[in-house]
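Participant: Can you keep this structure in mind? I'll have questions shortly.
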Amino acid sequence: MTSFLPKDILDGLDAARRLARSRRSRMRVRMGERTYPVLRFWDGGLALAAEDAPKLRGLVDVYDGARHLAQCLIVASGQEGDEMVYEFKRATMAAERPPVDFARSDEAPAGLLPRL
């Protein structure tokens, strides 16, 4: 069975599909003061909407909502359909605590009580 839809209807469906995909994702990339919604994210890179994102290159921050996930050094690798694909040269996951240079004991006190 073959079906034919006019070009304006197909364009409208594609635009609605892109909008739903960007709304579904809470992930954002921030470079300077600008933020861009992430369409796809994987271990080696990420994809943004081609019409929104310029050819980004350099250090960006990746957020999931308000939570900082990683700081990444990216380079644009190419365009696939309506997505601009970026690869990570370096990806450093953000930690909630600063790194320590010693081994923490499992039985270490949580805090000190003052003398009364």
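Participant: Here is a check on your reading of the model: is ALA91 outside any strand (DSSP E or B) and not charged (D, E, K, R)?
Facilitator: Criteria not met by ALA91.
Participant: Sort through ASP11, ASP64 and tell me the only one that's of a type in the set (D, E, K, R) and surrounded by fewer than 13 Cβ atoms within 10 Å (Cβ to Cβ).
Facilitator: Criteria check complete, one pass: ASP11.
Quick grid of which residues meet (1) outside any loop (DSSP other than H, G, I, E, B); (2) under 14 Å from the mean Cα position of the chain (by Cα); (3) without any contact (Cβ under 8 Å) to a residue 60 or more places away in the chain; (4) surrounded by 10 or more Cβ atoms within 10 Å (Cβ to Cβ):
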position	(1), (2), (3), (4)
PHE41	yes, yes, yes, yes
LEU48	yes, yes, yes, yes
CYS72	yes, yes, yes, yes
SER77	yes, no, yes, yes
PRO99	no, no, yes, no
SER105	no, no, yes, no
ALA108	no, no, yes, no
LEU112	no, no, yes, no
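Participant: Another question about this same structure. For residues that are among the acidic types (Asp, Glu) and at pLDDT 85 or above, scanning just region 77-100, find the one that is nearest to LEU48 (Cα to Cα).
Facilitator: Applying the filter and picking the extreme gives GLU83.
Participant: Here is a check on your reading of the model: is TYR36 of a type in the set (Phe, Trp, Tyr), free of Cβ contacts under 8 Å to residues at least 24 places away in the same chain and out of contact with any helix residue (DSSP H, G or I) (no Cβ under 7 Å at 6 or more places or on another chain)?
Facilitator: yes
The values are calculated or read from the model by the stated rules, or taken from the named source; none is laboratory data. What you see is a predicted model; the values in this text were computed from it and never measured. Note that each Cβ is placed from the backbone with ideal geometry, even for glycine, and that neighbours are counted across all protein chains shown.
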